């Protein structure tokens, strides 16, 4: 139940593959079960007609029988990729706050309630939450360091606890005031995942930094009470994916730095690399000396992850200088939205 006068929240879930069909349904169900009712859930499908048609049939009714959140199914109106899908959702949404939930995650019942609390301060432009991994194998691989949980889209060791001010929120569990997009534009296309061979990221980081540049008074928060649970498939539990994803993050950071400047683009990363990661290596080596499983593997993975990300950053920087910027920032009201009826699509 919502309190009178509190901002209404639209939830955007971007989907792209029928392989995650059950995950998408579970994500929508978790929004419908919120203690604070969302104004609407927008399912944005990324250039997959079969999935678009199937979801439109699934949510053809205006709302569920219990009077829950309206579900609207939309086609990504921009180029292929997560950024354009999110921009489509922003342009079609009606809430004062726009929240984003990954298509393979489920939100705890008070997720929206905790996100909304942060907006009591009018300076707050974005609020994110905590993302916990749900490992396909049933438990974290012994070698996988918590400092690198961002590799699988989750909150990583090194982020401060509680409700704290941050440079950027993490995109799979985040919310923004609509006025943030009006001030800074939408998510940059050309940064982040686009269906290519590299699992890129960084689009939410770039947006948050850009928002801080145009609105220096803006406050961005993470509240670790706003929890979602993110499924980690078996393929992402292996070192091969770890190495690929860290390399891709380096490529992404090069684009972010080109967009917003190296100082801002790598500000948080410097602290992470000089404080959090050395402590992680030391902890792993200590565990190895004490005979605890995976200690040496975690220390080695941290070193490998740093080298892989650094290599990606160097390659990405050279490409960016050689080829010029390959991203664009849409003005949010210019994003073609095709406002579909609930359960319909253009």
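Taken together, the values in this text are just the output of simple stated rules run on the coordinates, not laboratory data. All values derive from a computational prediction rather than experimental measurement. Glycine gets a Cβ as well: all are built from the backbone with ideal geometry, and neighbour counts include every protein chain shown.
Length available on full extension from residue 8 to residue 146: 0.36 nm per residue minus the Cα-Cα distance, which gives 46.2 nm. Length gained on full extension, residue 136 to residue 109: 7.5 nm, using 0.36 nm per residue less the C-alpha separation.
Spin-label model, residue 49/residue 18: points 7 Å from Cα along the beta carbon direction are separated by 1.3 nm. FRET efficiency for the residue 318 to residue 292 pair, using the beta carbon distance and R₀ = 51 Å, is estimated at 0.80. Computed over the range 9-237, the P(r) tail beyond 33 angstrom holds 10 percent of alpha carbon pairs.
Entry note, the range 1-136: relative contact order of 34 percent, from Cα contacts under 8 Å with a spacing of 6+ residues.
As a rough guide to protection, the peptides 294-305, 129-140, 71-82 ranked by mean Cβ packing within 10 Å, highest first, stand as 71-82, 294-305, 129-140. Packing order of peptides 306-314, 40-48, 110-118, highest average first: 40-48, 110-118, 306-314 (average count of other Cβ atoms within 10 Å over each peptide's residues). Most tightly packed first, judged by the mean number of other beta-carbon atoms within 10 Å of their residues, the peptides 274-280, 102-108, 168-174 read 168-174, 102-108, 274-280.
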